[in-house]
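What follows is one structure encoded as structure tokens, with my remarks underneath.
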Ligand code: GLU
């Protein structure tokens, strides 16, 4: 099997493109075949080198590797032209000198007259120029488009997803394959390239279904073997409409920035339109390669549900070992420059403990990095609602608790058990529940109403930083309450 992904470099790698690339890649890896890339850069106005980089970068991040050097469609221009002229020579195509405006006028007139022959209009107009005259005008350098002469009958194929597909050729107009300026049209370039690259299976979005009969006709006219085709179902937004910008982030890069793990993204994309035939949802890359098959690709559109992606991502984060997760968290933190500037150095031990404590509370690395803020940087504010509740409702009591905590922690050994004994002992001495100690302390240490377990927090921050934060909280409460 030789498969390919053929993105147009007019933007970033979006979710739909990534899904198409993934299905081709899975099939290639499963069959031991080749997965090739072709950059469809013939639209000079919209193609940009930075988009090529973004697309390749997105594929690399996902771990979708390719065989052979990527092919750039624009490099095949001479072959595209030669193929068009070959069809011209064989009589499978003809020169069309009709200026665009004239063609449009004639078409409007035919439509207004209710003529069913619109698809044959170009041929009729071209026939008004006798062959000898066409040759002469060509030789004189007059520009013309090359149109494919669609034969009678019908065109069909067995689609790998949709089964038998058949189009009446009478419905297909004589389409242009080479424009007046000598550039190929999409359908012509794709067929010329796919044949040249020896592509055996074309798997792409089902927005291309109407192109397929035209392409099959071109393969046949050029004398190439017709590849197998499979058209993937549309990806829908949660509202059931085709996925678009309205539904939020579509670029794979934005999920990378959000700290989604590539293994989660791959798993999620694989289930957009494919099912293993069971309820299983979490499948590693290797499992996907081993189990993927086109006969389980669904025909109907599949819904892109970000909540599910983040749920999956949480699962994958939970599966990573702490060292690996800590490494990725470090990278995420480092990429957030403003935070990196003011960051503290946590010991490796403390960093690992923090990673472990935050992992179950995070569905993405970005979320985790946000939650890590009070440990890798300063507490810049205290949550107002939590402060009202656990500090200012009874400022004297809060100061008393935190002063006691400071004394106890000042002399306790810095280990989970001894810290716990010290704080529970203090609560007992003060005759209050443990929560009345933990909540004011949590706020003092993190500025937040919620955090991992308080002993984890103490161990992550270390004795010195913990005591400093407690002292500062005491000052804050005292000054807020005013002089007694
Ligand atoms: N460049 C086309 C697209 O991005 C791909 C066409 C194909 O796969 O045949 O839709």
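What whole number of Å gives the distance from the Cα centroid of segment 358-413 to the Cα centroid of segment 184-225?
Cα centroid to Cα centroid, the span is 62 Å.
Fewest to most neighbouring Cβ within 10 Å: what's the order for 191, 379, 111, 297? Could the numbers behind the result be given before it?
Working: 191 28, 379 17, 111 11, 297 20.
Starting with the residue having the fewest Cβ neighbours, the order is 111, 379, 297, 191.
Using a simple spin-label model with points 7 Å from Cα along the Cα→Cβ vector, what separation in nm is obtained for residue 323 and residue 46?
A separation of 4.8 nm, rounded to one decimal place.
Rounded to the nearest angstrom and ordered from largest down, what semi-axes does the equivalent ellipsoid of segment 149-246 get from its C-alpha gyration tensor (root of 5λ)? Before the final figure, lay out the partial values.
Values: eigenvalues 122, 57, 44 Å².
Result for segment 149-246: semi-axes of 25, 17, 15 Å.
Angle check, please: helix 416-430 long axis (alpha carbons) against the longest principal axis of the chain (alpha carbons), in degrees 0 to 90, nearest 10.
50
Apply the a/c threshold of 1.5 to the C-alpha gyration tensor of segment 16-101 and tell me whether it is rounded, prolate or oblate.
prolate
Only counting other Cβ atoms within 10 Å, I'd like 392, 310 sorted with the fewest neighbours first.
Working: 392 13, 310 19.
Neighbour counts put them in this order, fewest first: 392, 310.
As an exercise, use a Förster radius of 60 Å and the Cβ-Cβ distance of residue 183 and residue 450 to find the FRET efficiency, rounded to the nearest 0.05. Working shown, then result.
On the way: r = 60 Å, r/R0 = 1.00.
FRET efficiency, residue 183 to residue 450: 0.50.
At q = 0.15, 0.18, 0.24, 0.31 Å⁻¹, what is the log10 ratio I(q)/I(0) for segment 96-151, with the Debye formula run over Cα points and no solvent?
Taken in order of the listed q values, log10 I(q)/I(0) reads -0.47, -0.65, -1.00, -1.30.
What shape does segment 171-212 take by its C-alpha gyration tensor, where a ≥ b ≥ c are the square roots of the eigenvalues and a/c under 1.5 counts as rounded, a/b above b/c as prolate, and the rest as oblate? Display every interim value, and only then the final one.
Details: a/c = 2.46, a/b = 1.25, b/c = 1.96.
Oblate, since a/c reaches 1.5 and b/c is not below a/b.
With each label point set 7 Å from Cα along the Cα-Cβ vector, what nm distance links residue 330 and residue 281?
Result for the modelled spin labels: 3.3 nm.
Per the Debye formula with a single identical scatterer at each Cα and no solvent contribution, what log10 I(q)/I(0) holds for segment 384-426 at q = 0.27, 0.30, 0.31, 0.33 Å⁻¹?
After summing over all Cα pairs, the log10 values are -0.85, -0.91, -0.94, -1.00.
Cα axis of helix 212-222 to longest principal axis of the chain: angle in degrees, 0 to 90, nearest 10?
Between the helix axis and the principal axis of the chain, the angle is about 50 degrees.
If you average the alpha carbon positions of segment 422-455 and of segment 301-324, how far apart do those two centres end up, in angstrom?
33
Taking R0 as 30 Å, what FRET efficiency do you get between residue 241 and residue 385 from their Cβ-Cβ distance, rounded to the nearest 0.05?
0.20
Sum -39500 (n - 2.57) across every DSSP H segment of at least 4 residues in the chain, then divide by the residue count to get the 222 nm mean residue ellipticity, nearest 500.
Details: 22 runs with 248 residues, N = 484.
It comes out at -15500 deg cm²/dmol, rounded to the nearest 500.
Which value, in Å to one decimal place, does the Kirkwood hydrodynamic radius take for the chain when every pair of different Cα atoms is included? Walk me through the numbers before you get to the answer.
Numbers: mean 1/r = 0.0365 Å⁻¹.
When all Cα pairs of the chain are included, the Kirkwood radius is 27.4 Å.
Please give the helix 100-112 orientation as an angle from the longest Cα principal axis of the chain, in degrees from 0 to 90, rounded to the nearest 10.
Helix 100-112 sits at roughly 90 degrees to that axis.
For segment 366-484, what is the convex hull (Cα atoms) projected area averaged across all directions, in square nanometres?
About 7.1 nm², averaged over all directions.
Put one equal scatterer on each alpha carbon of segment 2-155, apply the Debye formula with no solvent term, and list log10 I(q)/I(0) at q = 0.09, 0.19 1/Å to two decimals.
Debye intensities relative to I(0), on a log10 scale: -0.49, -1.07.
What shape does segment 34-80 take by its C-alpha gyration tensor, where a ≥ b ≥ c are the square roots of the eigenvalues and a/c under 1.5 counts as rounded, a/b above b/c as prolate, and the rest as oblate? Don't jump to the answer; show the numbers that get you there.
Working: a/c = 3.77, a/b = 1.38, b/c = 2.74.
Cα axes put segment 34-80 in the oblate bin.
Any chance you could check the Cα centroid distance between segment 255-284 and segment 18-91 for me, in angstrom?
Measuring centre to centre over Cα atoms gives 24 Å.
No lab work stands behind these numbers, since they all come straight from the coordinates. It should be emphasised that the depicted structure is a prediction, and the values quoted were computed from it without experimental measurement. All Cβ positions, even for glycine, are placed from backbone atoms using ideal geometry, and neighbour counts span all protein chains on display.
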